[in-house]
Amino acid sequence: MKLFSPLELPHGSVIPNRIAKAAMEENMADNDHAPSTELLRLYRAWAEGGAGLIITGNVMVDARAMTGPSGVVLENDHHLGRFRAWAEAARAHGAQVWMQINHPGRQMPAGLGQETWAPSAIALDLGRQSNRFRTPRAMTEAHIAEVEKRFVDTALLAERAGFTGVEIHAAHGYLLSQFLSPLANQRQDRWGGSIENRARLLLDIVRHVRAVVSPGFAVAVKLNSADFQRGGFSPEDAQVVVSMLAPLGVDLVELSGGSYEAPAMMGAARDERTLAREAYFLEFARDIAKVATMPLMVTGGIRRREVAEKVIESGVAMAGIATALAIEPNLPRNWRNGKSDAPALKPITWKNKPLAATAHMAAVKYQLTRLSHCRRTAPGVSPLWALILSQLAMKRRAKRYRLWMETRFVKRGA
Ligand SMILES: Cc1cc2nc3c(=O)[nH]c(=O)nc-3n(C[C@H](O)[C@H](O)[C@H](O)COP(=O)(O)O)c2cc1C
């Protein structure tokens, strides 16, 4: 299979080529936590760049549970017009556009001032930075049922807004990934223990979403190939989950790995020997492909055309790219025209892996902000400088978010 050949999904729709812009949280919501003008400009750049599939940064299913400030929230149809404009901008050049939908669980910054809920009352262990996150409270049956309903409602709203699919985020240590992990999920009820129990919420959500959206609407899942933590979600667990997803009409599974505690998705894990230097999760994909009946996508470390081609030639359906497309949104178009760009940021060699991952995210977001203002990217930015700027912006945005939540509460209470 070639990088620029189309992919027909199980439900019948077609992705025009094998390059996907992977999800990147933009923190560019407007004052109502709907898509802003800057966000639309950013997606116009990616649409022109020629990726066959564009996956949005994670959109929150609950305004009280955010991965960060200025995140986009879709929990009702109040701003559906803005979401329509977003979908239109991203689809303008023929790409499929999927909204990634997410709930952070315990990975919600403490500075947002919200009650934190997770499968079990187990705090994130980030060493000296652990106080950036609150110790969560264990979810009740009613909370779990509400979360499921929220994922379903958001998926339906995404379809109404003109997105061609949704990707359910069950990776990177967020809520659904917490349920999957024996470290974060120590429940004794039907939601904990065996992998069948730990996967129950994800499977229920997928089943329910597939049942209510149109047959032509794509339903995908982002899953960790492993957590890269001793005693965590293992490659064997991932195989079982993929085999359980197979009969549910899932159109694609994107494989990634890690969490805030062990940020393997950024190329850093506690057990680094298991990671190849490029296309980090390709090895895992080979094993998972044995049980997968749906197309697979791998994301992580891909920035050279030869590597993307190797991924596709190995039988993986899609090559997911985040960082390189933040630096050069025209990468797919350039590769198609025979160019061999391989965009990269300044390497970060800090020993503290979670901090290095945060700095990497900040340096990437620096590029996104520039693109959203139609400016050229600056991959040479100092990661420390990007981190400082991002921390200051996050503080400002967190304050705005807290005020917004207070006004919502007052309005609702009135
Ligand atoms: C700034 C930034 C934001 C990200 N936000 C998300 C997100 O919202 N959802 C998600 O699944 N992954 C997110 N990721 C992870 C990427 O999708 C991807 O898995 C990771 O960056 C590895 O791919 P890369 O080496 O091509 O960057 C983010 C990564 C970066 C750098």
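The values are calculated or read from the model by the stated rules, or taken from the named source; none is laboratory data. Because the structure is predicted, anything quoted here is derived from the model rather than measured. FYI the Cβ positions are ideal-geometry reconstructions off the backbone, even for glycines, and counts take in every protein chain you see. Just so you know, the surface numbers come from the protein's heavy atoms only, side chains and all, with ligands and any DNA or RNA stripped out. Shrake-Rupley method; radii C 1.70, N 1.55, O 1.52, S 1.80 Å.
Thr293 - would you say it is among the β-branched types (Val, Ile, Thr), modelled with pLDDT of 95 or more and away from the ligand (no atom under 14 Å from the Cβ)? So Thr293 passes the test.
Being within 30 Å of Arg304 (Cα to Cα) and modelled with pLDDT under 95 is the requirement here; does Lys2 meet it? Yes, satisfied. Considering the stretch 125-161, the residues that are of a type in the set (Gly, Ala, Ser) and part of a helix (DSSP H, G or I) include one that is farthest from Val212 (Cα to Cα), namely Gly127.
Just checking, which of Ala85, Ala65 is away from the ligand (no atom under 15 Å from the Cβ) and either over 24 Å from Ala211 (Cα atoms) or crowded, with 24+ Cβ neighbours inside 10 Å (or both)?
Numbers: Ala65 fails: away from the ligand (no atom under 15 Å from the Cβ).
Just one listed residue meets the conditions, Ala85.
Among the residues in the stretch 377-392, are any in contact (Cβ under 8 Å) with a residue 40 or more places away in the chain, of a type in the set (A, V, I, L, M, F, W, C) and open to solvent by 20 Å² or more (accessible area, probe 1.4 Å)? Checked the stretch 377-392: no residue is in contact (Cβ under 8 Å) with a residue 40 or more places away in the chain, of a type in the set (A, V, I, L, M, F, W, C) and open to solvent by 20 Å² or more (accessible area, probe 1.4 Å).
Flag: Thr154 does not match the condition of being within 20 Å of Ala22 (Cα to Cα) and either touching a Cys at 6+ places or on another chain (Cβ under 6 Å) or away from the ligand (no atom under 16 Å from the Cβ) (or both). Selection of first residues in the stretch 40-65 that are of a type in the set (Ser, Thr, Tyr) and of second residues that are outside any helix (DSSP H, G or I) and open to solvent by 10 Å² or more (accessible area, probe 1.4 Å), restricted to Cβ pairs under 7 Å at least 6 apart or on distinct chains, gives the following pairs, ordered by first then second residue: Thr56/Ala23.
Residues that are charged (D, E, K, R) and either assigned to a strand (DSSP E or B) or in contact (Cβ under 8 Å) with a residue 60 or more places away in the chain (or both) within the stretch 95-121 comprise just one, Arg106. Scanning the stretch 150-161 for residues that are among the hydrophobic types (A, V, I, L, M, F, W, C) and either open to solvent by 10 Å² or more (accessible area, probe 1.4 Å) or under 19 Å from the mean Cα position of the chain (by Cα) (or both) yields Phe151, Val152, Ala155, Leu156, Leu157, Ala158. Only a single item in (1) open to solvent by 60 Å² or more (accessible area, probe 1.4 Å); (2) within 14 Å of the ligand (Cβ to nearest atom); (3) outside any loop (DSSP other than H, G, I, E, B); (4) among the charged types (D, E, K, R) is not met by Glu283, and it is number (2). Can you say whether Ala319 is open to solvent by 50 Å² or more (accessible area, probe 1.4 Å), in contact with a strand residue (DSSP E or B) (Cβ under 7 Å, 6 or more places away or on another chain) and farther than 29 Å from Arg106 by Cβ, as far as the supplied structure shows? No: the conditions fail for Ala319.
Of the listed requirements (1) at pLDDT below 90; (2) surrounded by fewer than 19 Cβ atoms within 10 Å (Cβ to Cβ); (3) among the hydrophobic types (A, V, I, L, M, F, W, C), Ala342 misses just one: (1). In the set (1) open to solvent by 60 Å² or more (accessible area, probe 1.4 Å); (2) polar (S, T, N, Q); (3) under 21 Å from the mean Cα position of the chain (by Cα), the condition left unmet by Thr135 is number (3).
Every residue in the stretch 2-53 that is in a loop (DSSP other than H, G, I, E, B), among the basic types (Lys, Arg) and surrounded by fewer than 17 Cβ atoms within 10 Å (Cβ to Cβ), please.
Within the stretch 2-53, just Lys2 meets the criteria.
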